[in-house]
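Presented below is the structure to which this report refers.
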Amino acid sequence: MTRVDICNYKSATFIVLSVLLAVGFMACGGSAVDEADNFVQIRTAPTNYTIDDLKAFGFKTSKDYDVQGLPDALEAWKGFWGLDPYNRHDYELRFYPSHDLAVSSGKGHAINATGAEFEATRDSQVWTEGVKDRWQARGVTDVSSAGSRQAPGPTYQDWAIVGNLIMLCDGLDSEQAIIRCGDLIKQLQPELSD
């Protein structure tokens, strides 16, 4: 093999590997985008849920909020969960007597407590219990370390309603929060898993 042949071989190998790597990244990114784009934010459920239903698959509670001022809510919890016990995420769960009441009484409060809406109305929240927990300084890489830049913002970027349960889900953006809501819903309703 001549020097030119070796250079052409290396160049061709580099191009092939670059294309394969790019296709791999697009495939991975595409599935997350599809998951967020196809997410059903409000869905019914075959039963009314309680915090014990989530604790049964490993959800850990850290705060039991007073629901006075949160219309029609039975209870509200702050907690964390993740498929990987070493990579868990924050959630706020609000339970209502029925799906209809979760939607009619709770949807507006969920919108008000998440994402850009929360950022704009943080100082004028209707339900003030847990407001400090809904705001955090976080690293822009979603990893706390000395080298990460801190970007304060809403803890919960988006929400979902499943039956009588409203969940606020953490993430760096709405897409990541929706994926995390979806992961929690799949544990709650395994029949929906792929």
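The values are calculated or read from the model by the stated rules, or taken from the named source; none is laboratory data. This structure is a prediction, so every number in the text was calculated from the model and none was measured. Don't worry about glycine lacking a Cβ; one is built from the backbone with ideal geometry, like all the others, and counts go over all protein chains shown.
To keep it simple, each residue is scored yes or no on (1) in a helix (DSSP H, G or I); (2) surrounded by 13 or more Cβ atoms within 10 Å (Cβ to Cβ).
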| residue | (1), (2) |
| --- | --- |
| P97 | no, yes |
| L101 | yes, yes |
| S105 | yes, yes |
| G108 | yes, yes |
| I111 | yes, yes |
| A116 | yes, no |
| R122 | yes, yes |
| T128 | no, no |
| D133 | yes, yes |
Scan the range 109-126 and give yes if some residue there is out of contact with any helix residue (DSSP H, G or I) (no Cβ under 8 Å at 6 or more places or on another chain), hydroxyl-bearing (S, T, Y) and at pLDDT below 95, otherwise no. yes
Quick check on my filter: what residues within the range 48-72 are farther than 19 Å from P85 by Cα, in a loop (DSSP other than H, G, I, E, B) and of a type outside the set (G, A, S)? N48, Y49, T50, D66, V67, Q68, L70, P71, D72
Tally up the residues in the range 52-73 that are buried (at least 17 other Cβ atoms within 10 Å of the Cβ) and closer than 24 Å to Q125 by Cβ, please. 4
Report yes if G79 is over 23 Å from I111 (Cβ atoms), surrounded by 13 or more Cβ atoms within 10 Å (Cβ to Cβ), within 20 Å of the chain's Cα centre (by Cα) and in contact (Cβ under 8 Å) with a residue 24 or more places away in the chain, otherwise no. no
Count of the range 181-191 residues which are under 9 Å from the mean Cα position of the chain (by Cα) and surrounded by fewer than 23 Cβ atoms within 10 Å (Cβ to Cβ): 2
